[in-house]
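Have a look at the structure below before the remarks.
The values are calculated or read from the model by the stated rules, or taken from the named source; none is laboratory data. Values in this document were obtained by computation on a predicted structure and should not be read as measured data. Cβ placement follows ideal geometry from the backbone for every residue including glycine, while neighbour counts extend to all protein chains displayed.
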Amino acid sequence: MRPTLEVADIVRAHGDEFRRAHAESLSVGQKRVLRAIERCRTAALGGHLEQCDQCGHERNAYNSCADRHCPKCQSLARAKWLEKRQAELLECEYFHVVFTLPAELAALALQNKRQMYDLLFRATADTLQSIAADPQHLGAQIGFFCILHSWGQTLNFHPHLHCVVPGGGISLDGSRWVACRPGFFLPVKVLSRRFRKLYLRYLEQTYAAGKLQFYGELQELSDLKNFARYLAPLHDSEWVVYAKAPFGGPERVLDYLGRYTHRVAISNNRLEELKDGQVRFAYKDYKHEQRHKVMTVSADEFLRRFLLHVLPDSFQRIRNYGLLGNRHRAENLARCRELLAMPAPIPPPERNYRERWQQLTGHDPLQCPQCRNGKMVRIAILPVGGPIQRCDTS
């Protein structure tokens with residue numbers, strides 16, 4: 001069922017005035033995302049006309065924008081990705097570890113997303129692998145994947161990585177499976193301090209290589225002494241690394257992945273109202289026992305916050321490391337299964353669009369919504385370039 005309010009409705013109602021007000025600051029990527037969401041599943045993208053083979057009911061089926069920032073276009077991509085991951089799960093405990101970039105670096109990250117996000121992945125991966133390989137801790141090679149999120153519940157800029165890690169790995173000599181202690185993966189304080197050390201080291205190297213840009217209030221950081229002074233407090237502060245309660249068995253991991261992968265900054269079902277240029281949306285206040293609250297901001301501020309989270313072009317926000325690295329993943333997984341005495345996985349069946357959608361929602365996308373008996377059959381092509389219906393903001 002379509003939500004009563006969507007991000008697309010807000011863009012259609014206020015996108016033009018937002019573009020005019022921020023014409024000089026909007027990036028090409030942000031403009032492209034606005035245009036894609038505005039046109040998604042409208043006559044502007046074309047589509048086809050369907051008719052029920054039983055009762056004759058007709059409906060327009062417009063094409064999707066397929067933009068990865070669009071709240072409506074992630075479900076099938078997520079389902080396809082999850083099918084592949086299901087065959088890779090191991091019979092062991094799984095852990096969820098979150099690495100967060102300090103708030104003091106947020107402004108710098110906004111101006112250098114690609115570089116700062118890449119460093120976040122690199123420092124996180126190196127931290128997990130080096131601490132896990134240390135005989136004082138696990139003494140094993142591990143595999144894991146990381147998912148980048150850049151938002152908090154109120155759409156504030158809050159870059160962090162969600163890491164999903166099996167609770168063990170292959171011994172350094174490759175001869176056995178090394179399991180971590182039940183319910184405990186690696187010490188959070190040790191992870192936090194290694195993460196801080198590595199990230200700041202990599203950041204200083206990136207600065208020295210001239211790969212960072214500074215604008216506006218940060219322009220003074222182009223001076224080496226000012227940059228060193230900017231980073232100095234971060235060398236002594238506590239960086240947030242959070243280990244959530246373990247998932248338990250692999251079956252719990254897929255439930256988690258369904259919630260966290262292919263997410264965008266805000267889902268349509270959190271939107272409550274668009275009225276008089278104001279947007280109301282629900283959020284969880286994690287500082288106050290995850291209480292459910294409602295925030296009201298102007299449409300201009302809502303769109304500004306939403307666009308903070310547009311990724312650089314072609315940026316990979318889900319990455320695999322260690323034993324799950326793309327190059328040797330198949331052989332590493334086979335060795336893990338051998339050491340865990342697991343059977344070989346059964347490949348997932350090939351599914352078309354209709355089958356995936358039916359599995360995801362429980363509804364057949366071709367079932368006639370009118371008579372519930374017939375099937376919708378394509379009878380005509382709808383050309384690209386029709387009008388975009390604007391949202392009624394009254």
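For the stretch 262-274, the condition of being among the charged types (D, E, K, R), under 30 Å from residue 28 (Cβ atoms) and surrounded by 13 or more Cβ atoms within 10 Å (Cβ to Cβ) holds for at least one residue.
Of the residues making up the stretch 120-136, just one is farther than 25 Å from residue 331 by Cα, touching a residue at least 40 places away in the same chain (Cβ under 8 Å) and either over 17 Å from the mean Cα position of the chain (by Cα) or not in a helix (DSSP H, G or I) (or both), namely 123. Taken over the stretch 199-237, residues that are part of a loop (DSSP other than H, G, I, E, B) and among the charged types (D, E, K, R) amount to 3. Tell me, which residue of the stretch 71-100 that is among the aliphatic types (A, V, I, L, M) and within 30 Å of residue 189 (Cα to Cα) is farthest from the chain's Cα centre (by Cα)? The residue in question is 90. Report yes if some residue within the stretch 87-100 is in contact with a Gly (Cβ under 7 Å, 6 or more places away or on another chain), over 27 Å from residue 290 (Cα atoms) and at pLDDT 90 or above; otherwise report no. For the stretch 87-100, residues in contact with a Gly (Cβ under 7 Å, 6 or more places away or on another chain), over 27 Å from residue 290 (Cα atoms) and at pLDDT 90 or above: present.
Please go through the stretch 265-302 and pick out each residue that is assigned to a loop (DSSP other than H, G, I, E, B) and hydrophobic (A, V, I, L, M, F, W, C). Across the stretch 265-302, the qualifying residues are 265, 266.
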